[in-house]
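This report concerns only the one structure given below.
The values are calculated or read from the model by the stated rules, or taken from the named source; none is laboratory data. Bear in mind that the values here come from a model prediction, so they are computed numbers and not experimental data. With ideal geometry, Cβ positions are generated from the backbone for all residues, glycine too; neighbour counts draw on all protein chains shown.
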């Protein structure tokens, strides 16, 4: 379990923000530059913590290679050693005032599409810079409910386009088939993750993946037991439903070919929804 400590050399800890995968996130002040930041801390306690350390180091490295206002930046990676072995990692990150999509208040259809349009834009920037995120899910999208701004977080599973990972990495409810099969990963992997997240945001349910969850009959049936969003809620336009279904096709070649195409389709959907609102006034 992640250890909570209120004194860390070089930082003034203000409060704990939350607990992640064997790590703790603090609101802190960096005494070196005076900035208020989010500080991720992980302590080595058992062999499986090596994977958490790997992901934190990868998050730092990928963050240094990609740049966009919707992608959270990392500042410093600090390694604390004991007897020459790294026993603790500290990662400083830009502070974002918001909460995860999973915990966010209920959004209208138009607002949901606007949020995902911004997420798609951030991911598209990653792709143009040669990287993919590989773990888009509701917990990794932060939203400021006042301004509507978003931040894509947790680049720990990010990698270069074309990577073949030696082990399965991803979140079961949002993982793409090629991640499970350990095949080449590319922009269409993020498109699947994004589509699966959109499906959840619209329906409250999960897309069937190749890692079925316990007692999930539809998932165990594969996409044969998969209902399109508009079949679950008839107020969802078929055009919106069609985009989501296209994004989560099992075969990558059947998905939109790029995140730019997803953005173009979202733009059209957003235009149609908001123009109807204006016309109805």
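Structural remarks
- Exactly one residue out of 67, 33, 58 is exposed (fewer than 15 other Cβ atoms within 10 Å of the Cβ) and touching a residue at least 60 places away in the same chain (Cβ under 8 Å): that is 67.
- Verdict on residue 96 being at pLDDT 95 or above and part of a helix (DSSP H, G or I): no
- The residue that is farthest from residue 155 (Cα to Cα), among those in region 32-68 that are touching a helix residue (DSSP H, G or I) at 6+ places or on another chain (Cβ under 8 Å) and assigned to a loop (DSSP other than H, G, I, E, B), is 44.
- Across region 254-268, not a single residue is classified as in contact with a helix residue (DSSP H, G or I) (Cβ under 9 Å, 6 or more places away or on another chain), at pLDDT below 95 and in the same structural domain as residue 175 (by TED's automatic domain parsing).
- Test set (1) at pLDDT 95 or above; (2) within 18 Å of residue 119 (Cα to Cα) - residue 148 fails condition number: (1)
Results for (1) in the same structural domain as residue 121 (by TED's automatic domain parsing); (2) crowded, with 23+ Cβ neighbours inside 10 Å; (3) in contact (Cβ under 8 Å) with a residue 24 or more places away in the chain; (4) closer than 16 Å to residue 124 by Cα, shown as yes or no for each residue.
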residue: 148; (1), (2), (3), (4): yes, no, yes, no
residue: 151; (1), (2), (3), (4): yes, yes, yes, yes
residue: 155; (1), (2), (3), (4): yes, yes, yes, yes
residue: 164; (1), (2), (3), (4): yes, no, no, no
residue: 173; (1), (2), (3), (4): yes, no, yes, no
residue: 176; (1), (2), (3), (4): yes, yes, yes, no
residue: 181; (1), (2), (3), (4): yes, no, yes, no
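- Flag for residue 153 being within 10 Å of the chain's Cα centre (by Cα) and over 23 Å from residue 256 (Cα atoms): yes
- Residue within region 202-209 that is out of contact with any helix residue (DSSP H, G or I) (no Cβ under 8 Å at 6 or more places or on another chain) and either at pLDDT 60 or above or part of a loop (DSSP other than H, G, I, E, B) (or both) present: yes
- Unmet criterion (only one of (1) assigned by TED's automatic domain parsing to the domain that holds residue 257; (2) within 26 Å of residue 274 (Cβ to Cβ); (3) in contact (Cβ under 8 Å) with a residue 12 or more places away in the chain) for residue 108: (3)
- Among the criteria (1) touching a helix residue (DSSP H, G or I) at 6+ places or on another chain (Cβ under 8 Å); (2) at pLDDT below 90; (3) over 20 Å from residue 96 (Cβ atoms), the one residue 21 does not fulfil is (3).
- Hey, residue 22 more than 17 Å from the chain's Cα centre (by Cα), in the same structural domain as residue 151 (by TED's automatic domain parsing) and assigned to a loop (DSSP other than H, G, I, E, B) or not: no
- Top-ranked residue in region 127-146 [being in a loop (DSSP other than H, G, I, E, B) and in contact with a helix residue (DSSP H, G or I) (Cβ under 9 Å, 6 or more places away or on another chain); ranked as surrounded by the most Cβ atoms within 10 Å (Cβ to Cβ)]: 136
- As a summary of the residue check, residue 100 satisfies the conditions (1) surrounded by fewer than 18 Cβ atoms within 10 Å (Cβ to Cβ); (2) out of contact with any helix residue (DSSP H, G or I) (no Cβ under 7 Å at 6 or more places or on another chain) except for the one numbered (2).
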